[in-house]
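The values are calculated or read from the model by the stated rules, or taken from the named source; none is laboratory data. The model shown is predicted, which means the values in this text are computed figures rather than measured ones. For neighbour counting, all protein chains shown are included, and Cβ atoms are generated from backbone atoms with ideal geometry for every residue, glycine included. Protein only, heavy atoms only, side chains kept; ligands, DNA and RNA dropped before computing areas. Shrake-Rupley method; radii C 1.70, N 1.55, O 1.52, S 1.80 Å.
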Amino acid sequence: DKTTISQNSIISSYKDNTGIIWIGTYKKGLNYYFENSIKFPLYKHQPGNKNSLPYDDVNRFVEDAKGNLWIGTNGGGLIYFDRSKSTYVQYTHDPADPSSLSNDVIVSLCIDHDQQLWIGTYWGGMDRLAGNKFIHYRHDVANPNSISDDRIYEIFEDSQRKLWIGTLGGGLDKFDKDKNIFYHYKATDNKTINSDYIFALLEDKDKNLWIGTAYGLTELNEKTNSVNYYINAPNDSQSISHNNIICILEDSRGLIWVGTYDGLNVFNKKTKAFQNFRTENGLPANAILNLLEDDNHHLWISTAEGLADIQVHAKGDVVSITPKIYDESEELQGKAFNENAAFKTSAGELIFGGANGFNLFRPGNLAAHTTASNFVVTDFQIFNKSIGVGETINDRVLLNKAIDEVGEVTLKYKEDIFSIEFADLNFLNTEKNKYAYRLEGFSTSWLTMDEKIQKATFTNLHPGKYTFLVRSLNESGSWNKEVKLLAIKVLPPFWGTPLAFVLYGLVIIGILLFARYLLLQKAKLKYEIKHERQEANRMHELDMMKIKFFTNVSHEFRTPLSLIITPLDKIISKADDPTQKQHFQLIQRNARRLLNMVNQLLDFRKLEVQEVKLNLSKGDIVQFVREAVICFNDI
């Protein structure tokens, strides 16, 4: 028994703070034991134990009125399990005894309302147990009222006490026990089943018979003689996921669940549509071998990859599931189960069987372990190189004590690729542990990780403070409280330090002050230029006023001067006295000079327009006016 201690020679033992008992043996290694580690009681054959299950490979279960079990096996015949006495009685086929079991391969069992046991065999037809004898119902080609096939895969009694028999190849039979006649439903009939291979039968709350076949699902209503077919449509996501039906169940909510070779389906009677669930929804496998509902309204399925407890969430017409998977580590009979080897007892116990016996348990007794995880940091790496205690890296000692005792690590900005390895010191079902981590300050989302690789790597982190957080998934399917494992501080480069930012601020302030100085100088220069222009304009206006004044005066002088010069010319021509003539000539010269100046003054405006052409400046004009004034004074 692989679940017992590895050796009887024990040299040490220890009980840790989680309740695990560790036992060291002399030569057979280390063992550990936890009181509630075996969740699923296992019933199997034990060589040398007469009170153990006689045959391991079980196919079917049914319960009698006393709460004892009838077990159909795959080659070991029929077994009666007296639970009160914990004893087994085995019935097998005896070729010499015609009243013995017709075949040792039993694939269906049913106890009717009269507490009669009906047994469906593979190639042995159907048997009924009467006392200690078996009455046989075999296919007879010459008798059309006999059972249609000797491969009996399903036997079911409905609410009207009609016995329905599903065969492999012979279609569906309805047995009239009073007349001992079988009525046949075949795929060749109109408006009946769509395949002669029948794998599952169910009567729903509306008295409709659901028939799972090798080619889809059939809903039969005998009263209205109506038939509905449900088959897989490749392009229709609301059709059934696969045509090969294995099992059917109606739960307490009125939902029809259908297990196929490619997924679990739930049928909505209102919308006539299916929802499909597969491994991507959390199921252990796509082939659903059995379906049961416990007293807590959880759905239990068995597959070739383990057992799943499914919490069903129905909101309106939408159904969602939350599976919790069990495997061999929980002491199941095996990873794979047999088709239809499942049963719910009147006491609410569930039974699942396979090739290695069966598990019988109460779902309410499967208490999840609440032991909190005990995380420790086991290694710290920079560029995939483990950092040891006292080791020098980049001219400093990064760890002066063990990484689990440090609590905080300070890194330089170039050490931006680092890894953190951690371990969970909780040793219960370590192969099923699941973890998630998050670096606070870097990401707000949790990243799940492989339970075999408990290592997180980070690259190119910005300078700042971070906290590495880890949490674990408990057995109830919810996440435990997060644990802070390590604080990490990434230093900035020099150009990112506070001192550098102070220098950046001083430089910026200096640039701003210099820019302000330049703006002020520009404004001052602009003001001075504007002032000079205003002064020049003022002087220009003053000069123009003077010129205008002298121009006007010149007009007044010109006529009198002409009147002076003309008579004076005549006087000079007639003067005999040289001295007098000399005085007159002096007056004439000054008068002509003054007239000439007046004429020039009258042309000053024209000269002002042509100032550039004549190369005369306003200063020349002013000087000219001044000389004219002197001439006037002389006259």
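For region 459-504, name all the residues that are part of a strand (DSSP E or B) and of a type in the set (Gly, Ala, Ser).
At the first step, the residues of region 459-504 found to be part of a strand (DSSP E or B) are 459, 464-473, 479, 483-490.
Gly464, Ser472, Ala487 - these are the residues of region 459-504 that are part of a strand (DSSP E or B) and of a type in the set (Gly, Ala, Ser).
Which one is farthest from Val598 (Cα to Cα), of the residues in region 520-579 that are among the small types (Gly, Ala, Ser) and at pLDDT 85 or above? Let's see the steps before the verdict.
Quick first cut of region 520-579, residues among the small types (Gly, Ala, Ser) only: 523, 536, 554, 562, 573, 575.
Filter again for at pLDDT 85 or above, leaving 523, 536.
Values: Ala523: 47, Ala536: 27 Å.
Filtering region 520-579 for residues that are among the small types (Gly, Ala, Ser) and at pLDDT 85 or above, the one farthest from Val598 (Cα to Cα) comes out as Ala523.
Please list, ordered by residue number, the strands (runs of 3 or more DSSP E) wholly in region 77-120 having 2 or more residues that are touching a Lys or Arg at 6+ places or on another chain (Cβ under 8 Å).
Answer list for region 77-120: 106-111.
Go through region 397-422 residue by residue and tally those that are within 15 Å of Gln381 (Cβ to Cβ) and either outside any loop (DSSP other than H, G, I, E, B) or of a type in the set (Asp, Glu) (or both).
13
So that you can scan it fast, the table gives a plain yes or no per residue for (1) of a type in the set (Asp, Glu); (2) open to solvent by 40 Å² or more (accessible area, probe 1.4 Å):
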{"residue": "Tyr185", "(1), (2)": "no, yes"}
{"residue": "Thr188", "(1), (2)": "no, yes"}
{"residue": "Asp196", "(1), (2)": "yes, no"}
{"residue": "Asp206", "(1), (2)": "yes, yes"}
{"residue": "Gly216", "(1), (2)": "no, no"}
{"residue": "Asn228", "(1), (2)": "no, yes"}
{"residue": "Ile240", "(1), (2)": "no, no"}
{"residue": "Ser252", "(1), (2)": "no, yes"}
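Would you tally the residues in region 119-153 being among the hydrophobic types (A, V, I, L, M, F, W, C) and under 17 Å from Pro98 (Cα atoms)?
7
Within region 587-600, identify whether any single residue is at pLDDT 80 or above, part of a helix (DSSP H, G or I), small (Gly, Ala, Ser) and surrounded by 12 or more Cβ atoms within 10 Å (Cβ to Cβ), and answer yes or no.
The answer is yes; a qualifying residue exists.
Scanning region 274-283 for residues that are of a type outside the set (Lys, Arg) and either part of a loop (DSSP other than H, G, I, E, B) or touching a residue at least 60 places away in the same chain (Cβ under 8 Å) (or both), which turns out most open to solvent (accessible area, probe 1.4 Å)?
This residue is Gly282.
Go through Asn433, Asn460, Asn429, Asn474 for me and flag whichever is surrounded by fewer than 17 Cβ atoms within 10 Å (Cβ to Cβ), under 30 Å from Ser329 (Cα atoms) and out of contact with any Leu (no Cβ under 7 Å at 6 or more places or on another chain). Spell out how you get there, then give the answer.
Numbers: Asn433 fails: surrounded by fewer than 17 Cβ atoms within 10 Å (Cβ to Cβ); Asn460 fails: under 30 Å from Ser329 (Cα atoms); Asn474 fails: surrounded by fewer than 17 Cβ atoms within 10 Å (Cβ to Cβ).
One residue alone meets the criteria, Asn429.
Conditions first: (1) in contact (Cβ under 8 Å) with a residue 60 or more places away in the chain; (2) of a type outside the set (Gly, Ala, Ser); (3) open to solvent by 10 Å² or more (accessible area, probe 1.4 Å); (4) touching a Ser or Thr at 6+ places or on another chain (Cβ under 9 Å). Asn74 passes all but one, so which condition is the exception?
The failed condition is (4).
How many residues are at pLDDT 95 or above and more than 22 Å from Lys2 (Cα to Cα) if we restrict to region 331-361?
Residues flagged as at pLDDT 95 or above and more than 22 Å from Lys2 (Cα to Cα) within region 331-361 amount to 13.
Do you know which of the residues in region 354-392 that are open to solvent by less than 30 Å² (accessible area, probe 1.4 Å) and of a type in the set (A, V, I, L, M) is nearest to Asn429 (Cα to Cα)?
Selected residue: Leu366.
Give me the residue from region 312-335 that is part of a strand (DSSP E or B), open to solvent by 60 Å² or more (accessible area, probe 1.4 Å) and without any contact (Cβ under 8 Å) to a residue 24 or more places away in the chain and, out of that set, farthest from Gln46 (Cα to Cα).
If we take residues in region 312-335 being part of a strand (DSSP E or B), open to solvent by 60 Å² or more (accessible area, probe 1.4 Å) and without any contact (Cβ under 8 Å) to a residue 24 or more places away in the chain, then Lys315 is farthest from Gln46 (Cα to Cα).
When the residues of region 22-42 are filtered to those that are in contact with an Asp or Glu (Cβ under 9 Å, 6 or more places away or on another chain) and open to solvent by less than 90 Å² (accessible area, probe 1.4 Å), which remaining residue is modelled with the lowest pLDDT?
Ranking the candidates gives Ser37 first.
If you go through region 106-128 one residue at a time, how many are in contact (Cβ under 8 Å) with a residue 40 or more places away in the chain and not hydroxyl-bearing (Ser, Thr, Tyr)?
Here the count works out to 12.
Scan region 256-273 for residues that are open to solvent by 10 Å² or more (accessible area, probe 1.4 Å) and modelled with pLDDT of 95 or more and jot them down.
Our first condition is that a residue be open to solvent by 10 Å² or more (accessible area, probe 1.4 Å); within region 256-273, this holds for 261-262, 268-273.
The answer is Tyr261, Asp262.
Return yes or no: is Ile5 under 23 Å from Glu328 (Cβ atoms), β-branched (Val, Ile, Thr) and surrounded by 14 or more Cβ atoms within 10 Å (Cβ to Cβ)?
For Ile5, the condition - under 23 Å from Glu328 (Cβ atoms), β-branched (Val, Ile, Thr) and surrounded by 14 or more Cβ atoms within 10 Å (Cβ to Cβ) - is not met.
Looking at (1) open to solvent by 60 Å² or more (accessible area, probe 1.4 Å); (2) modelled with pLDDT of 95 or more, which one does Tyr91 not meet, given that it meets all the others?
(1)
Where the second residue is open to solvent by 20 Å² or more (accessible area, probe 1.4 Å) and among the acidic types (Asp, Glu) and the first is under 13 Å from Phe358 (Cβ atoms) and in a strand (DSSP E or B) and lies in region 44-71, which pairs have Cβ atoms under 6 Å and are six or more apart or on separate chains?
Leu69/Glu63
Anything in region 1-41 that is of a type in the set (A, V, I, L, M, F, W, C) and over 42 Å from the mean Cα position of the chain (by Cα)? List them, or say none.
Ile5, Ile10, Ile11, Ile23 - these are the residues of region 1-41 that are of a type in the set (A, V, I, L, M, F, W, C) and over 42 Å from the mean Cα position of the chain (by Cα).
Which of the strands (runs of 3 or more DSSP E) contained wholly in region 122-186 include at least 1 residues that are of a type in the set (S, T, N, Q)? I'd like the intermediate steps shown before the answer.
Working: elements: 126-130, 133-137, 152-157, 163-167, 172-176, 181-185.
Result: 163-167.
Tally time: how many residues in region 284-311 are of a type in the set (A, V, I, L, M, F, W, C), part of a strand (DSSP E or B) and open to solvent by 10 Å² or more (accessible area, probe 1.4 Å)? Steps first, please.
Start the filter on region 284-311 by keeping residues that are of a type in the set (A, V, I, L, M, F, W, C), which leaves 285, 287-289, 291-292, 299-301, 304, 307-308, 310.
Right, trim to part of a strand (DSSP E or B) and you get 291-292, 299-301, 307-308, 310.
From what's left, open to solvent by 10 Å² or more (accessible area, probe 1.4 Å): 291-292.
Count: 2.
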